[in-house]
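So the structure is just underneath, and the comments pick up after that.
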Amino acid sequence: MKRFFFTSVILSLLTSILLSFNAQAQNEFVDLGLSVTWATCNVGANSPEENGEYYTFDNALTLKKNEERLPTREEFQELIDNCTWLWAEEKGVKGYKVTSKKNSNCIFLPAAGKRDEGIDGPKVFFGGSIGYYWSSSAYNDEKAYFLYFGEIIGMDYYDRIEERSVRLVQDVKK
C-alpha cells in the first residue's frame, strides 16, 4: 500500500512539473531586436513546432492577456523585413526558422495551414506547406490582415471568419 501511495505521489509531482514546464514554454518570448518580442509557440501549442489552435479573427482578438497580444500588420512586416527566413523542419514539422538580422535570435513558425469547413466538418488545409497567422489589424468589417508563407512570404487580407494560427507578441520593456 505504501509503495502504491509513493508511486502516486511521484507521478503527481512529475505531472505537475511537466504541466508547469509546458505553461512556461507557452509564455516565453524572444527578443529579435525589433519593436516587440515574439512568443516561442503558437497559442494552444506546448512547443515551437506544434500548430496550436486555430481562431477566427474576432476570436483571436480576445486572446489578449496581461502584456501579450496579437501583432499588428506593421509588426509582421517588421518581422519580414528584419529577419532571415529559412524553410526548415523541426521535429518532423515544416515551417520557417525566422532569424533576426540584428542579434541572431530566432523563432520557428510552423506551416500550420488553416482550418475551414470540409465535407465532413472542420478540416486543416495546407498543413505542412503554408502558414497563415492573424494580425490584429482589420482591413474592414469583413476582412483582416494576416501573414502568409509558403514559397513566398507576405501580408494579405481575407475573410475574418476563416480560422488561422496565432502567435502573440509583447511590447519591448524599456
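Where a number appears in this text, it was derived from the coordinates with a stated rule and is not lab data. Note that the coordinates shown come from a computational prediction; the quantities given were computed from them, not determined experimentally. Using ideal geometry, Cβ is built from the backbone for each residue, glycine included, and neighbour counts are taken over all protein chains shown.
As a rough footprinting exposure proxy, the listed residues 38, 134, 87 were ranked by other beta carbons within 10 Å of their own, and the order from fewest upward is 87, 38, 134. Per residue, the average separation of C-alpha pairs within less than 8 Å and at least 6 apart gives segment 15-174 a relative contact order of 27 percent. Computed 3J(HN,Hα) for segment 73-80, one whole-Hz value per residue from the Karplus formula 6.51 cos²θ - 1.76 cosθ + 1.60 where θ = phi - 60°, is 4, 5, 5, 5, 5, 4, 5, 5, glycine and proline marked x.
For residue 105, the residues whose modelled amide H falls within less than 5 Å of its own, excluding neighbours fewer than 5 places apart on the same chain, are 100.
To the nearest 0.05, how large is the calculated FRET efficiency for residue 141 and residue 117 if R₀ is 22 Å and r is the Cβ-Cβ distance? That pair, residue 141 with residue 117, gives E of 0.55. Enclosing the Cα atoms of segment 29-171 in their convex hull gives a volume equal to 104 cubic angstrom per residue. Rounded to the nearest 0.05, the FRET efficiency derived from the C-beta distance between residue 156 and residue 58 at R0 = 22 Å is 0.75. Label positions at residue 89 and residue 104, each projected 7 Å from the Cα along the C-beta direction, are separated by 2.6 nm. Couplings 3J(HN,Hα) for segment 131-144, derived from phi with the Karplus relation 6.51 cos²θ - 1.76 cosθ + 1.60 (θ = phi - 60°), are x, 10, 10, 5, 9, 8, 9, 7, 8, 7, 5, 10, 10, 9 Hz, where x marks Gly and Pro.
If R₀ is 22 angstrom, what is the calculated FRET efficiency for the pair residue 65 and residue 173, using the beta carbon separation as r and rounding to 0.05? Calculated value: 0.85.
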